[in-house]
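This report concerns only the one structure given below.
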Ligand code: GDP
């Protein structure tokens, strides 16, 4: 606990809700229907704005909905000690039942231990069979109340509006149980839910405040970028001077585009540092884990079963292994963003068999430091798994995205400082977010803080500008913002 003042001034805050489920089961329709019936845009003479989330008033209480359905909205938005969303509404169409993305959503919900409410949608359709949906959910270990469990389920129709109010009631009940609190006077902590570059307005960033208060004029930072908040606008188009906990807001003032899911904090605050440190602890933490969560993707159901069976055999026959495997999710198809995000939250790995990884999933995996590998033969896969079991797969070097050491520095006539460096592991890329330490990042303890954080503005190999420099190569590094005190011997670590 931080201090007494912080605990005594905590106040109940509105729940932040996200919607998940299979495509076409009605996620967007439910979000639209709720917004339409519960928000009077005219209230402010404004027009409803899409800022990635909206807030409604219902039964004298407020509820915030993240309106970008999808798993990223939930898993990627993990704030310090929590996540952007407090409650997940799992939407299942009553005429279609549990489908692959429903199962995927369930895996995310379980990995994050999130409170869940089941919304059985489209009950207006003649083919609807809510009982069958409940039974299918039970098979996935989602036990709703009339199946002996304690998960609330609501049968509704986004089309007719039937029982939408029951869903809102259920959300308020779960929120009450969760006792969601925040301190409006505490340190600012907001989670970025959307960010994009607008030609006219610069970076447009949407965030939900989790704690503290965000004000126009505040100096904030996110993803290593700093900004002075120029304006704040809510989802009804109203310009605000300040916003408190659980309120979604659109922020202007950033020049660069911070990452979705990152924390937005006061510039230079302890939290800014903590976010960096925790990221590191999480990665190091993988080494000490006894059980490795594995996500398996294969081209067909048949191969999937074969891969699972072979891996299970391997675990059973490995006496004295340092690691065991836990199958978190197994499905057919390419490795997607969702698989990577699931692996991230469960600190697991993704193994693919005769499938591809989508380019965006590969980028994401690099960004969030998730290990994945795609195999062509089952033998290769089993060999690798064996290594995992023997505890040799998580070698330090494989987890390093990029690390370089400064060999010498020079000042250009323009005043820019170039750090002549050698890449020790991984790669340096133009645009990489980096931290600089005065000791080898492999030997860092929790007390160590970086001397600097910023971005690689420019890379040179000899006289040529390059986009990427690999291991054992010497290069010239230009940083943004400039780090005046950079010196020989320091380490540049890609974040
Ligand atoms: P999402 O992909 O989960 O966001 O699904 P959408 O909200 O886009 O809905 C998919 C389709 O189902 C659309 O054609 C909707 O009009 C329809 N739909 C959504 N909810 C209902 C419902 O309650 N009843 C009926 N009959 N159709 C619905």
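For residue 194, the stated conditions hold: it is out of contact with any helix residue (DSSP H, G or I) (no Cβ under 8 Å at 6 or more places or on another chain) and either more than 16 Å from the ligand (Cβ to nearest atom) or not assigned by TED's automatic domain parsing to the domain that holds residue 105 (or both).
Let's see how each residue does on (1) modelled with pLDDT under 95; (2) more than 29 Å from residue 482 (Cβ to Cβ):
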residue: 194; (1), (2): yes, yes
residue: 205; (1), (2): yes, no
residue: 213; (1), (2): no, yes
residue: 238; (1), (2): yes, yes
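Per the listing 164, 180, the residue uniquely in contact with a helix residue (DSSP H, G or I) (Cβ under 7 Å, 6 or more places away or on another chain) and either within 16 Å of the ligand (Cβ to nearest atom) or farther than 18 Å from residue 94 by Cα (or both) is 164. Within the range 118-139, the set of residues being within 16 Å of the ligand (Cβ to nearest atom) and not in a loop (DSSP other than H, G, I, E, B) comprises 118, 119, 120, 121, 130, 133.
How many of the residues making up the range 97-117 are within 13 Å of the ligand (Cβ to nearest atom) and in a loop (DSSP other than H, G, I, E, B)? Matching residues across the range 97-117 total 1. Restrict the check to the range 189-196 and report whether at least one residue is over 26 Å from the mean Cα position of the chain (by Cα) and either over 30 Å from residue 97 (Cβ atoms) or surrounded by fewer than 20 Cβ atoms within 10 Å (Cβ to Cβ) (or both). No: the range 189-196 contains no residue that is over 26 Å from the mean Cα position of the chain (by Cα) and either over 30 Å from residue 97 (Cβ atoms) or surrounded by fewer than 20 Cβ atoms within 10 Å (Cβ to Cβ) (or both). Restricting attention to the range 355-365, the residues that are within 21 Å of the chain's Cα centre (by Cα) and surrounded by fewer than 18 Cβ atoms within 10 Å (Cβ to Cβ) total 5. On the stretch given as the range 334-354, residues that are surrounded by fewer than 19 Cβ atoms within 10 Å (Cβ to Cβ) and in contact (Cβ under 8 Å) with a residue 60 or more places away in the chain total 1. Against the list (1) free of Cβ contacts under 8 Å to residues at least 60 places away in the same chain; (2) outside any strand (DSSP E or B); (3) farther than 21 Å from residue 256 by Cβ, the condition residue 489 fails is (1).
Number of residues in the range 219-249 that are within 22 Å of residue 61 (Cα to Cα) and surrounded by 22 or more Cβ atoms within 10 Å (Cβ to Cβ) equals 7.
The values are calculated or read from the model by the stated rules, or taken from the named source; none is laboratory data. Please read these numbers as outputs of a predicted model, since none were measured by experiment. Backbone-built Cβ (ideal geometry, glycine too); neighbour counts: all protein chains shown.
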